[in-house]
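Bear in mind these aren't lab numbers, they're just calculated from the coordinates by the rules spelled out. Everything quoted here is computed from the prediction, not taken from an experiment. Every residue, glycine among them, receives a Cβ derived from its backbone with ideal geometry; neighbour counts consider all protein chains shown.
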Amino acid sequence: MSNISAADVAKLRRVTGAGMMDCKKALEEATGDFEKAQELIRKRGQAIANKRADREATEGVVLAKTSADGKTGMLISLNCETDFVAKNTDFIALGYMILDEALKASPADLDALKNMVVEGKKVTDLVLEKSGITGEKFELSYFATISAAAVQAYIHPGNKLATLVGFSKAGIDQQVYKDVAMQVAAMSPVSLDKEDVPEKILAQELEIAREQARREGKPEEMLEKIAQGKLNKFFKESTLMNQEFIKESKLTVRQYLENADKGLKATGFARYTLNV
């Protein structure tokens, strides 16, 4: 058997992230062959991860970041099984590494993100390998990207909720952008503006309003007018540009942006939350 040095074990641990004893055993089985030891750890990790494929990965982190020029933002959710692993610095670092590589590669959707090549491996394989090291199921469950003249990312403390917001103009006070990104986090709008609300949601809201008025004994001929009035309230509460601004309720978000810079608008947003 080859003489396995502590330096070799430490090097393998740095490269793979596996435990010291796992690295020592892998090097011993590989008779000191570093690349073979890496492969042994990878295969063992995948075997462990495959055994846990049916487990629920409901914990994790939601991370968002913008490109260096501030014109593109991306948001991902990387899931695991326990909050203990979700708070682990290596797990969070894995999420940021994937996010950083995504900003370079510009994947179009979640499938494209999973098929990106990072460190010579597909992201799906990399996640599976890291999953096996911890013994927990890891899963990339969500991806969103926004491009605009300016994009702001916001991660709520705890890494369980993040948002992206695109804006029509660059070069505005950064706090203005951040305020609106935090608005999206706090108020969870369903769409950007009235005209962006999906028809299915509009129909549901109108039907709920009609049924509520009917139960209250309102005349049948008044139901549609009442429903339309409730729909206007829905727009104010659930569309970003028409919501009351959380820092100054006398203003809507639209008015807040207009006051910050004439013609400034939000052009799109993404919001994702995990166990919040």
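Shape analysis of the stretch 127-210 yields a ratio of the Cα radius of gyration to the Kirkwood radius, Rg/Rh, of 1.11. Fully extending the segment from residue 104 to residue 258 would add 52.2 nm, taking 0.36 nm per residue of separation and subtracting the current Cα-Cα distance.
For the chain, set up a GNM with springs between Cα atoms under 10 Å and report which of 145, 163, 124 has the largest fluctuation. Of the options given, 124 has the highest mean-square fluctuation. Seen through its C-alpha gyration tensor, with square-root eigenvalues sorted a ≥ b ≥ c, the stretch 220-276 comes out oblate because a/c lies at 1.5 or above while a/b is not bigger than b/c. Here is what passes the span test in the chain: the DSSP H helices with alpha carbon length of 18 Å or more along the helix axis and a Kyte-Doolittle mean of 0.5 or above are 89-105. State log₁₀ I(q)/I(0) for the stretch 59-147 at q = 0.22, 0.26 Å⁻¹ as given by the Debye formula over alpha-carbon point scatterers of equal weight, solvent excluded. Here log10 of I(q) over I(0) equals -1.05, -1.39.
With one equal scatterer per alpha carbon and no solvent term, the Debye-computed log10 I(q)/I(0) for the chain at 0.08, 0.14 1/Å reads -0.47, -1.00.
Shown for the stretch 203-265: lysine pairs separated by 8 or more places, or found on different chains, whose C-alpha atoms are under 23 Å apart, numbering 16. Here the peptides 214-222, 258-266 are ranked by packing, the mean other Cβ count within 10 Å, and the order with the highest first is 258-266, 214-222. A cut-off of 5 Å between modelled amide H atoms, ignoring neighbours fewer than 5 places along the same chain, links residue 150 with 167, 169. Dividing the Cα radius of gyration of the stretch 85-132 by its Kirkwood radius returns 0.96 for Rg/Rh. In terms of overall dimensions, the C-alpha atoms belonging to the stretch 208-251 reach 40, 15, 14 Å along their principal axes, ordered largest to smallest. Roughly how large, in nm² to one decimal, is the mean projection of the convex hull of the alpha-carbon atoms in the stretch 155-276? Mean projected area for the stretch 155-276: 9.2 nm², to one decimal.
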